[in-house]
Each structure stands twice: as structure tokens, then as C-alpha cells.
Amino acid sequence: MRVTQSMLANNFLNNLNTSYSKLAKYQEQLSSGKKINKLSDDPLSAMKGISYRRTVAQVKQYEDNFAEASTWIESTNDALDEANQVLQRIRELTVEGATDTKTPTDRQSIADEVEQLRDQLVNIANTKVKDKYIFNGTRTTEKPISGDISTFDGSTSLGMNTNPVKIELSKGIYLQVNANGANAFSDDLFKDLNHLISDLKSGTSANGFDSYLGKIDGHIDNVLSELSEAGARSNRLDLMKDRVTQQETTATKIMAGNEDVDIDKAYTDFSVASGAYIAALKVGAQVIQPTLLDFLK
């Protein structure tokens, strides 16, 4: 087959264009720091990148959920711990009130303090986190205890919701973040406190003031039980958070390995492509025959 000047020129231009494309590709990689700047660069890696990004986005969403769960659990722990302290103080006052040497005036003063502590328990039961009540189950927009608690005699129920509030912390894995308010702040708790206050004010108790100690101890046990469960959830939350954080680190590392360019390799490839491009220009200048215009210079 006869090779013509036109064929040499066309081959030269095609090869030169290919060399220039490689040079442009490496230059773009060095400028962006990414080895995939458009889908055509590497369709398979680009599709993998979409999957990795989706995974990282999901993990970041779970991290936001962890922050909310942590706020719920920490607030629950603090509230239950305060409730325990209040009940311990009520127990101390009950012991004082049961002392035979206490006068009616002394018991009146004790009743006044117990009354204030009872009202503080109501405030604790109505604790909110970001406009959500944490002790009313899934009815987070409704106050657990409303109305005048001083008239509550236990003949009706406070109606606190006991459904657990759960937050998704990993795909398909949910953790309860609230406590059972109806157990920690039961109907019997406020009924017993109101009876105690009434007996202290009257100065007498049908079964003696010591009879209230066992009831208060039972209420303290209920609060401690919920506090223990909240502590266990907090420990599990920490373990799950560490795992999700590790998942994010791994997913981010894989995504970077799939998309980020190896700067040293890209610079080497750029240098090789640049040398090849310059060499192609020099060879082309020698292969293409001079024109009449070149002789007239």
C-alpha cells in the first residue's frame, strides 16, 4: 500500500490529539486532586463513588441521631438523679416527722417542705428536651402531669404514656432513649405524698409516720430502677457511636481511595505525557514534507 503525505499528516494529527488529551487529563487530575472528574473518566469507579457517598451520607445522618439520643439520655439521667435526691430528702423528713419529740408546729414545717419537694417532683416529671416532654412516652408534646397535684388522691390515673421513644442509630437498629415516667413518677407516689403531707399537718397518722418509710423506699427503688436502665442505654449508646464513627472513617477512606488521585503518580504520568507530546511535535515537523512556502522564505 502506498503511503501518501496526506496519510502521514492525518496519522500525525490523530496521534498528536491523543497525546494532548492524555496531557489534559493528567493536568485536570493534578488541578482537582481527583482522578474522576467526569463519568467517562472511569464509569465503574464513578458508580462505586456514588455508592460510597451514599454510605457516608447515611453514616452522617446517624451521627445526628446519636446527638439527639445522647441529649435525651443525658437529660433523663439528670432528671432521675434529681428525683432520687428529692425522694431521699423526703425520706429524711419523714424520719424526723416520725420522732415522738416533734411538736405539731415542727410537723407543719416538715409538711411545708415535703409539699415543696412534691411540687419539685412534678417539675422533674415535666422535664422537656427541645420542646419535647421526656417522661410521657410517645406523647412528647403533652405535659405528663398537669392540673393541681395537691388534690390528687389516686382515685383516678395521671394517664402518663408508657410507649418507648426509639431513635434509629444504625440501619434497622433502634435504641430506646426515654424512661418509663409512669414508673418513676407513679400515681401511688403522689397519692402517698399527699397523704403524708395531710397527716403531718394534722399531727397524726393512723398507722404511724414510720409506715410511710416503706412506701417512700419503694418509690426510690422505682426511680433507681429507671436510672439504672438509662445508664445501661447510655453505655450501649457509647459503644454504638464508636462503631458508627469507625464506619464513617472506613467509608470515607474507601471513598477517598476510589476518587482521590495519587499526586506523585499523576505528576509522573503528566511528565511522561508532556515529554511524549513534545517529542511528537518534533517528529511531526521532520516527517511532514516542506511546502513551496518554506523554500520561498
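Below is a table of values for the structure above.
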quantity: All positions within region 235-249 that are open to solvent by 30 Å² or more (accessible area, probe 1.4 Å) and within 22 Å of Ala83 (Cβ to Cβ); calculated: Asn235
quantity: Residues of region 193-219 satisfying the condition of being hydrophobic (A, V, I, L, M, F, W, C) and open to solvent by 50 Å² or more (accessible area, probe 1.4 Å); calculated: Ala206
quantity: Neighbours by Cβ (under 9 Å, 6+ apart or cross-chain): first from region 69-84, open to solvent by less than 10 Å² (accessible area, probe 1.4 Å); second acidic (Asp, Glu) and assigned to a helix (DSSP H, G or I); calculated: Thr76/Glu226; Leu80/Glu226; Ala83/Glu226
quantity: In region 90-112, the residues that are touching a Leu at 6+ places or on another chain (Cβ under 6 Å) and charged (D, E, K, R); calculated: Arg107
quantity: Options Thr140, Thr162; residue that is under 25 Å from the mean Cα position of the chain (by Cα), closer than 25 Å to Ser234 by Cα and surrounded by 17 or more Cβ atoms within 10 Å (Cβ to Cβ); calculated: Thr140
quantity: Restricting region 85-117 to residues that are over 46 Å from the mean Cα position of the chain (by Cα) and touching a residue at least 60 places away in the same chain (Cβ under 8 Å), the residue that is most open to solvent (accessible area, probe 1.4 Å); calculated: Pro104
quantity: Checklist (1) under 26 Å from the mean Cα position of the chain (by Cα); (2) within 30 Å of Lys102 (Cα to Cα); (3) not aromatic (Phe, Trp, Tyr) applied to Arg236, failing item; calculated: (2)
quantity: Residue match in region 212-228 (condition: within 22 Å of Glu63 (Cβ to Cβ) and either out of contact with any helix residue (DSSP H, G or I) (no Cβ under 7 Å at 6 or more places or on another chain) or in contact (Cβ under 8 Å) with a residue 12 or more places away in the chain (or both)); calculated: no
quantity: Residue check for Ile254: surrounded by fewer than 16 Cβ atoms within 10 Å (Cβ to Cβ), at pLDDT below 90 and of a type outside the set (Phe, Trp, Tyr); calculated: no
quantity: Residue check, Ser150 within 37 Å of the chain's Cα centre (by Cα), in a helix (DSSP H, G or I) and surrounded by fewer than 16 Cβ atoms within 10 Å (Cβ to Cβ); calculated: no
quantity: Residue under evaluation Gln120, criteria (1) modelled with pLDDT of 95 or more; (2) surrounded by fewer than 18 Cβ atoms within 10 Å (Cβ to Cβ); (3) farther than 30 Å from Ala98 by Cβ, criterion not met; calculated: (3)
quantity: Residue under evaluation Leu175, criteria (1) more than 24 Å from Asn77 (Cα to Cα); (2) surrounded by 16 or more Cβ atoms within 10 Å (Cβ to Cβ), criterion not met; calculated: (1)
quantity: Qualifying residue in region 182-196 (condition: without any contact (Cβ under 8 Å) to a residue 40 or more places away in the chain, within 17 Å of Ala125 (Cα to Cα), part of a loop (DSSP other than H, G, I, E, B) and of a type outside the set (A, V, I, L, M)); calculated: yes
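The values are calculated or read from the model by the stated rules, or taken from the named source; none is laboratory data. Every value quoted in this text rests on a predicted model; they were computed, and no experiment measured them. As a convention, Cβ positions derive from the backbone with ideal geometry for all residues, glycine included, and neighbour counts pool all protein chains shown. Side chains are part of the model used for accessible areas, which takes the heavy atoms of the whole protein and leaves out ligands, DNA and RNA. Shrake-Rupley method; radii C 1.70, N 1.55, O 1.52, S 1.80 Å.
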